[in-house]
Amino acid sequence: MADRPPFIQFQNIKKRYGKHEVLLGINLEIPYGERFGIIGVSGSGKSTLLNILIGFLSANSGSVYFNLRDVLKEKKTVRKTFGFAAQDGSFYGELSVMENLKYFGTLHGMAKEDIEKRSRGLLALVGLSYAKDILGKNLSRGMQKRLDIACAMIHDPKVLILDEPTEDLDPMLRKDILLLIKKINERGTTIIITSHLLSEIESICTKIAVLHGGKIIETGAPADLKGRYYKNDEIHIETIPGDYERISKKINKKFVEEIEVLEHKLVVRTPNVDKVLYDLLSAVKSCNEKVIDISVSKPTLEEVFTALTKGKTI
Amino acid sequence: MGIKDLIKNPYADLVKTPLKTPPAKKAEKDEEKPIPVPKPYDEAPELSDIAATHTKIRFSPLVKLFTMIQKDIKLLLRSKSSSLIVIFGPLLVIFLVGMAFNTSSMYDLRIATYSDSYSELSNSIINHLKDDQYSTFKTESLEDCIDGVNLGKFHACAVFSSGMAIGNKAQNIIEIHVDESRINIAHMIELSIQKKVSAETAKISKGLTGNIVTTMFNTRDVLTEKQGVISKLASSTSDSILKVSGVSEDLGKIDLAYNKSDINYTNVERKADAIKAKINGTAGCGSLLEAEEFEEFEESINYLKTGVQTVINKFDSVINTRDSSVQDLDSLKQILITGTDDLMVLKNTLTALVAGIEGVEVTDVESIVSPVTTNVKSVAAKKTHLGYLFPTFIILIVMFMSLLFSTTITMKEKLSKAFFRNFIMPTSDFLFMIGGYLTNIFIVAVQLTILFAAAVFFLPEIREVMLPMLGVLLIVTTVFVLLGMFIGFIFKSEETATLGAISIGSLMLFFSNAILPIETLPVGIRDIAKYNPFVLSVNILKRIMLFGANFTDSFSSISLEVYMLLCFVAIFFVLAFVAREITKSRMR
């Protein structure tokens, strides 16, 4: 696998709108079969990057390669290989679910039989088989999102690009969509996803890239990133009556990197969680405090992202 | 390392609670400070107190309404296309329409003329036709002249009969061929030309009448002058009559009557013979002349003498009468000689007057009153009003249907959620354009099918020209559909796009022959208006329907307009395509 060329490769992509430079030279490789997340603050250029990838936008300089084929020069071929689901959904509200799929399938140059067959499979995949004759505008938000994904996949793309797929959805629907994305990926489709809900990215993506200041400042698996930038685990403990200053004084500080109070909990960061946890519980006991809640976790992606984008070393 | 040193809070900006103030302690501190207790409802401030803190607004519904209207206007004005349509649209329309129609004249009417042989009179009328409004063109043949009207090259064709001349009314006929299908201008042109011809013929009439009147006046003057002679003749005739009467009376009075016994010389001769015989003795020797006998003889002589004297007296009287009458007759003779001279003069004068009157060339009243006759003929076969109006009516419907449908459909597509996806399909933009175009063509075709099905009932003759008509309608629909698509792509909202389509359609309608003839437009504007796709389309359809033009043998009669429409197709396709690309770039 190591000698295989990158599935998708951005080479020094630059893009500006007027005088405003959005992308300052993006270099990024997306391997085959990944669920690849691109995270960045609003306006960082995530959507611009995706639009360049699908050939909707042209870069001012640089190249994008898909399987060594230049995306910017072979738009038509590449569009047959890519599926794109935009944030707002992109289908005809006045057409039924099936009619939408047939329409976009035909535009992709598929044969009628292939469309029928593919639609049935897709509708089963996205859970819209029972709603195939319902007009797009009459679907619920979650169903619309699933229809949009189905439309993006009608031509069986090798790469599915999802721009903020869970935007405006309630937590239950988000969960459904994330599960669907995983299911799609498991069938062999490479997923590229952007979202500002970093917990979702963290939960679903196998790899992520952090886009900031017009550049990719970091790439890697979420766990690797957290491990790379955050060596400490966190112990969160809540006690009664909660004299955290007294408890803190009794802990052995040898392995403690940082200690603070967050939302009525004492948070202790340490590279040696076993030793400090023992000390902490001993200190609680000696202070006659009663433990209400205790948990051990690594820092979230959001915390890593915040730290990264603020240029802080953790 | 103290606890404070250990406490590093990298999220200080997110977490406000410091470690050194644990909740328990904080609770104690909180106890030191009196916790504000919510006031019971009975201590709640009165509504009037709250109201007192604000300026009281009377008629608040009106204020709200005003605010709503203000907001709506702001929204409207801040949308460039909306404000353009709302404010500048009506301004532009009234400016253009006002500038174009603020006149009662017609401009640049082109009159073709033809005659087998132009005469002085026909040339004079043609020259009279030329002015600021009219320009005239002599054609080589009658066909060129009439076909020119058919093709819309000329507004009218005036055919002058050969050998037109003043007084030759039978030959002085002008046939004016106009396109009756241009209902709102045909009669204006007819009247206008007739007015021009009438002006010229009135001039001729004036000349002819002038001649007669001059002759009349001359006759009157001569006769007036000769009235003295006639009076003198009358007077001398009266004198003559008197004189003749006098002579007649005198002659009548002559008395030549006498008694034969008064001058009975037989008795005297007998007595003289008796005496003579006595003297000569012949009467018996010795008869002596007796005195008695002599006295008797003398008495007889005296008697005869008296009788002769009486006759002599009467002759004297006759001589006198004769002398007097001769004198009178001499005088009468003189009068008659003078009168004869005068009569000769009069005769000459009258001969001259008759010659003058006979010198008036045109004496036919009809020729004087109307020296030239104009006949109006239609170049197209006689149709009903619907027949004439049908081309305009069809194009009007096609224009608005195509414009509005294509604008609406384009706008719906543009505002559709799926519009973006179309751009990332492996399908060319050109194909999308063609798809949109064909959709609109199909819808308009359905409408036209219904329309024609009904129209055939009223105008069965359109079946004969159905094929070329459909060919033209396809081109015309294409022009307006592409224009509508362009409008749909450049406007941002469906409402403003619809308003834009209606405004552009209305402008094309105003600057056509449908309401007022474009000949009423000033030349500059008219030069532009004649390239109006609506005008071109109506012209083509009219020629097909009324003059039997088609795409094969008589294509030349509509070729120019057809090529122009095809140019519009190309222009609007490019514009619509560019507008679509701009829309695409706005989405990026």
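Return the pairs, sorted by first residue and then second, in which the second residue is in a helix (DSSP H, G or I) and among the charged types (D, E, K, R), the first residue lies in region B:468-494 and is in the same structural domain as B:Met508 (by TED's automatic domain parsing), the beta carbons are less than 6 Å apart, and the residues are 6+ apart or on different chains.
From region B:468-494, the pairs are B:Phe489/B:Arg580.
Quick test for you: out of B:Glu293, B:Glu249, pick the one residue that is without any contact (Cβ under 8 Å) to a residue 60 or more places away in the chain, assigned to a helix (DSSP H, G or I) and surrounded by 12 or more Cβ atoms within 10 Å (Cβ to Cβ). Working first, answer last.
Working: B:Glu249 fails: surrounded by 12 or more Cβ atoms within 10 Å (Cβ to Cβ).
Just a single option satisfies the conditions, and that option is B:Glu293.
Out of region A:67-98, which residues are more than 14 Å from chain B (Cβ to nearest Cβ) and aromatic (Phe, Trp, Tyr)?
Matches in region A:67-98: none.
Residue by residue, here is whether (1) of a type in the set (A, V, I, L, M); (2) surrounded by fewer than 18 Cβ atoms within 10 Å (Cβ to Cβ); (3) in a helix (DSSP H, G or I) holds:
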site: A:Leu101; (1), (2), (3): yes, no, yes
site: A:Glu113; (1), (2), (3): no, yes, yes
site: A:Lys117; (1), (2), (3): no, yes, yes
site: A:Ala124; (1), (2), (3): yes, yes, yes
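Listed here are the residues, each with its yes/no results for (1) assigned to a helix (DSSP H, G or I); (2) more than 30 Å from B:Gly252 (Cβ to Cβ); (3) of a type in the set (A, V, I, L, M, F, W, C); (4) assigned by TED's automatic domain parsing to the domain that holds B:Ala257.
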site	(1), (2), (3), (4)
B:Gly307	yes, no, no, yes
B:Val311	yes, no, yes, yes
B:Phe315	yes, no, yes, yes
B:Thr321	yes, no, no, yes
B:Lys333	yes, no, no, yes
B:Leu343	yes, no, yes, yes
B:Leu353	yes, yes, yes, yes
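So, in region A:179-201, exactly how many residues are surrounded by fewer than 21 Cβ atoms within 10 Å (Cβ to Cβ), assigned to a helix (DSSP H, G or I) and modelled with pLDDT of 85 or more?
Qualifying residue count, region A:179-201: 6.
Can A:Val64 be described as within 13 Å of chain B (Cβ to nearest Cβ) and touching a Gly at 6+ places or on another chain (Cβ under 9 Å)? Outline the logic, then answer.
Values: within 13 Å of chain B (Cβ to nearest Cβ): no; touching a Gly at 6+ places or on another chain (Cβ under 9 Å): yes.
No.
Here are some residues: B:Ser512, B:Ser537. Which one is outside any helix (DSSP H, G or I), among the hydroxyl-bearing types (Ser, Thr, Tyr) and crowded, with 20+ Cβ neighbours inside 10 Å? First the steps, then the outcome.
Numbers: B:Ser537 fails: outside any helix (DSSP H, G or I).
None of the other options fit; the residue is B:Ser512.
In region A:259-286, what residues are surrounded by fewer than 17 Cβ atoms within 10 Å (Cβ to Cβ) and either within 14 Å of another protein chain (Cβ to nearest Cβ) or touching a Pro at 6+ places or on another chain (Cβ under 7 Å) (or both)?
A:Leu262, A:Glu263, A:His264, listed by residue number.
State all residues of region A:1-28 that are touching a Pro at 6+ places or on another chain (Cβ under 7 Å) and either without any contact (Cβ under 8 Å) to a residue 24 or more places away in the chain or crowded, with 19+ Cβ neighbours inside 10 Å (or both); if no residue qualifies, say none. Full working, then the answer.
Step one: list which residues in region A:1-28 are touching a Pro at 6+ places or on another chain (Cβ under 7 Å), which gives A:6-7.
Within region A:1-28, A:Phe7 is the sole residue that qualifies.
Anything in region A:8-34 that is within 14 Å of another protein chain (Cβ to nearest Cβ) and not β-branched (Val, Ile, Thr)? List them, or say none. So that I can check it myself, show each step before the final result.
Applying the first criterion (within 14 Å of another protein chain (Cβ to nearest Cβ)) to region A:8-34 yields A:15-18, A:20, A:22-23.
Within region A:8-34, A:Lys15, A:Arg16, A:Tyr17, A:Gly18, A:His20, A:Leu23 qualify.
Identify, please: which residue in region A:142-170 is away from chain B (no Cβ under 13 Å) and assigned to a helix (DSSP H, G or I) and is, among those, nearest to A:Gly55 (Cα to Cα)?
A:Arg146
Can you work out which of the residues in region A:99-117 that are in contact with a Leu (Cβ under 8 Å, 6 or more places away or on another chain) and of a type outside the set (S, T, N, Q) is farthest from the other protein chains (Cβ to nearest Cβ)? First the steps, then the outcome.
Kept after step one, since they are in contact with a Leu (Cβ under 8 Å, 6 or more places away or on another chain), are these residues of region A:99-117: A:100-101, A:103, A:115.
Those left that are additionally of a type outside the set (S, T, N, Q): A:101, A:103, A:115.
Working: A:Leu101: 12, A:Tyr103: 8, A:Ile115: 14 Å.
Checking each candidate, the answer is A:Ile115.
If we keep just the residues of region A:287-306 that are surrounded by fewer than 20 Cβ atoms within 10 Å (Cβ to Cβ) and free of Cβ contacts under 8 Å to residues at least 60 places away in the same chain, which is nearest to A:Lys231 (Cα to Cα)?
In this case the residue turns out to be A:Thr306.
In region A:231-286, how many are assigned to a helix (DSSP H, G or I) and in contact with a strand residue (DSSP E or B) (Cβ under 8 Å, 6 or more places away or on another chain)? Spell out how you get there, then give the answer.
Step one: of region A:231-286, the residues assigned to a helix (DSSP H, G or I) are A:244-250, A:253-255, A:273-286.
Checking which are in contact with a strand residue (DSSP E or B) (Cβ under 8 Å, 6 or more places away or on another chain) leaves us with A:244, A:247-248, A:255, A:273, A:276-277, A:280-281, A:284.
Qualifying residue count for the region: 10.
Would you check which residues across region B:326-356 are among the aliphatic types (A, V, I, L, M) and closer than 23 Å to B:Arg220 by Cα and list them?
Filtering region B:326-356 down to residues among the aliphatic types (A, V, I, L, M) leaves B:326, B:329, B:332, B:335-337, B:343-346, B:350, B:352-355.
Result: B:Leu343, B:Met344, B:Val345, B:Leu346, B:Leu350, B:Ala352, B:Leu353, B:Val354, B:Ala355.
Do we have A:Gly37 as in contact (Cβ under 8 Å) with a residue 60 or more places away in the chain, more than 10 Å from chain B (Cβ to nearest Cβ) and crowded, with 23+ Cβ neighbours inside 10 Å here?
Numbers: in contact (Cβ under 8 Å) with a residue 60 or more places away in the chain: yes; more than 10 Å from chain B (Cβ to nearest Cβ): yes; crowded, with 23+ Cβ neighbours inside 10 Å: yes.
Yes; evaluated as a whole, the condition is true for this residue.
When both residues are 6+ apart or on different chains and their Cβ atoms are under 9 Å apart, which pairs have a first residue that lies in region B:403-417 and is under 12 Å from B:Gly500 (Cβ atoms) and more than 13 Å from chain A (Cβ to nearest Cβ), and a second that is basic (Lys, Arg) and not in a loop (DSSP other than H, G, I, E, B)?
B:Thr410/B:Arg580
Looking at this structure, is A:Leu308 more than 9 Å from chain B (Cβ to nearest Cβ), under 26 Å from A:Ala223 (Cα atoms), assigned to a helix (DSSP H, G or I) and modelled with pLDDT of 85 or more?
So A:Leu308 fails the test.
Condition first: touching a strand residue (DSSP E or B) at 6+ places or on another chain (Cβ under 6 Å), part of a loop (DSSP other than H, G, I, E, B) and within 14 Å of chain B (Cβ to nearest Cβ). Now tell me which residues in region A:40-61 satisfy that.
Residues satisfying the conditions are A:Gly45, A:Ile54, A:Ala59, A:Asn60.
Without any contact (Cβ under 8 Å) to a residue 60 or more places away in the chain, surrounded by 16 or more Cβ atoms within 10 Å (Cβ to Cβ) and either more than 28 Å from A:Met153 (Cα to Cα) or of a type in the set (A, V, I, L, M, F, W, C) (or both): does that describe B:Phe452? Don't jump to the end; show me each part of the working.
Numbers: without any contact (Cβ under 8 Å) to a residue 60 or more places away in the chain: yes; surrounded by 16 or more Cβ atoms within 10 Å (Cβ to Cβ): yes; either more than 28 Å from A:Met153 (Cα to Cα) or of a type in the set (A, V, I, L, M, F, W, C) (or both): yes.
Criteria met by B:Phe452.
Look through region A:227-258, keep the residues that are acidic (Asp, Glu) and within 9 Å of another protein chain (Cβ to nearest Cβ), and return whichever of them is nearest to A:Glu289 (Cα to Cα).
The initial filter retains those residues of region A:227-258 that are acidic (Asp, Glu), namely A:233-234, A:238, A:243, A:245, A:257-258.
From the residues that got through so far, the ones that are within 9 Å of another protein chain (Cβ to nearest Cβ) too are A:243, A:245, A:257-258.
Working: A:Asp243: 8, A:Glu245: 12, A:Glu257: 23, A:Glu258: 21 Å.
Among residues in region A:227-258 that are acidic (Asp, Glu) and within 9 Å of another protein chain (Cβ to nearest Cβ), the one nearest to A:Glu289 (Cα to Cα) is A:Asp243.
Residues that are within 14 Å of another protein chain (Cβ to nearest Cβ) and small (Gly, Ala, Ser): does region A:288-303 have at least one?
no
The values are calculated or read from the model by the stated rules, or taken from the named source; none is laboratory data. Remember, predicted model here, so these are calculated numbers, not experimental data. Here the Cβ is made from the backbone with ideal geometry for all residues, glycine too, and neighbour counts use every protein chain on show.
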